[in-house]
Amino acid sequence: MYCVKCGVQLPEGAKKCPLCSTPVWCPDTKAEPASTYSDRYPIISRQRRITVMSLITVALLAAMVACLSICLHITGKVGWSAYVLSGCLCFYTVCLLPFWFKRPHPMVFVPVAFGAALALLLFINWYTGGHWFWPFAFPVTMIVAALTIGALALYRYVKGGTLFITGGLLMALGGACMLIELFTHLVFSAPMFGWSLYGAVVFGIFGGFLILSGIIRPLREHLERTFFI
């Protein structure tokens, strides 16, 4: 065995070179792989998350029971507490349910969130005896859900083409504004081509600019360097 720096022969078991004091390097010696994380931390973190979520769940259930009890005591019927109960259930499904899972998948929980919102709107429509859910709330919610889930899927699974994706989504958002105002006009007899026209023009201009930027290479490279796209 020889020193890697000066080449002098080293005695067996030497830790450093007696001539230049260079540490001895043995290529045949395999170093033990060092652990890059604690074995206890994930367990502690998971237990803490479960504990916090359990406390929040119990507190929310207690608030729901308290509202129901107060409403029954005052009015003798469910009354306004039905809105509180349904709102709390929707809030729990949308905001708290994903935290029960270690890695909640957005492509699963985003549709679940929109489903919970639709269920809440359907319940309010039924409870109040309204007729606005199917002709207005349902299509509008589905439009927003389609845009949100589509954007999430494109950004998550399509590699590259960020400018084209963002530009197309902005133009689709402008079209969605006009569709929403159309449903408002048909159901509630509101004026047509009001605020949606401004939204369609603004989103269309920005979307067209981004798509044009994706086509023109110097402009695309400048935007990518500036905004780290």
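Read-outs: derived from the displayed coordinates by stated rules, not from any lab. Everything quoted here is computed from the prediction, not taken from an experiment. Every residue, glycine among them, receives a Cβ derived from its backbone with ideal geometry; neighbour counts consider all protein chains shown.
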Next on the checklist: Pairs of alpha-carbon atoms within less than 8 angstrom and 6+ residues apart define the contacts here; what relative contact order does segment 158-229 have, in percent?
Outcome noted: 42
Checklist entry - Where does helix 195-215 land angle-wise versus the long Cα axis of the chain, in degrees 0 to 90, nearest 10? => result 30
Checklist outcome for this item: Taking only the alpha-carbon positions of segment 158-229 as identical scatterers, the Debye log10 I(q)/I(0) at q = 0.23, 0.24 Å⁻¹ comes out as -0.90, -0.94
Checklist outcome for this item: Amide H proximity to Leu10 below 5 Å, modelled H, separation 5+ or other chain, gives Tyr2, Cys3
Checklist entry - Along the charge dipole of the chain, Cβ charges K/R +1 and D/E -1, which of Leu182, Thr22, Met192 sits furthest on the positive end? => result Thr22
Checklist entry - What is the Cα convex hull volume of segment 37-139 when expressed per residue in Å³? => result 79
Item to check | Contact order normalised by residue count of the chain, Cα under 8 Å, 6+ apart, percent | outcome: 11
Checklist outcome for this item: For the chain, the charge dipole (Cβ of Lys, Arg +1; Cβ of Asp, Glu -1; about the Cα centre) points to a positive end, and the Cα of Val4, Phe114, Trp100 closest to that extreme belongs to Val4
Next on the checklist: So if I take the centroid of the Cα atoms in segment 169-210 and the same for segment 98-161, what is the distance between those two points in Å?
Outcome noted: 20
Checklist entry - What does the highest-first list of 218-224, 18-24 look like by mean Cβ count within 10 Å? => result 218-224, 18-24
Checklist entry - Just how many % of Cα pairs in the chain lie over 30 Å apart, if you round to the nearest whole percent? => result 59
Item to check | With at most 16 other Cβ atoms within 10 Å, longest stretch of the chain clear of loop chymotrypsin sites (Phe, Trp or Tyr not before Pro) (DSSP) | outcome: 133-192
Next on the checklist: What do you get for the angle between helix 41-75 and the principal long axis of the chain? Use alpha-carbon atoms, 0 to 90 degrees, nearest ten.
Outcome noted: 10
Checklist entry - Taking the Cα centre of the chain as the origin, how large is its charge dipole in debye, to the nearest 20, when only Lys and Arg (+1) and Asp and Glu (-1) carry charge on their Cβ atoms? => result 600
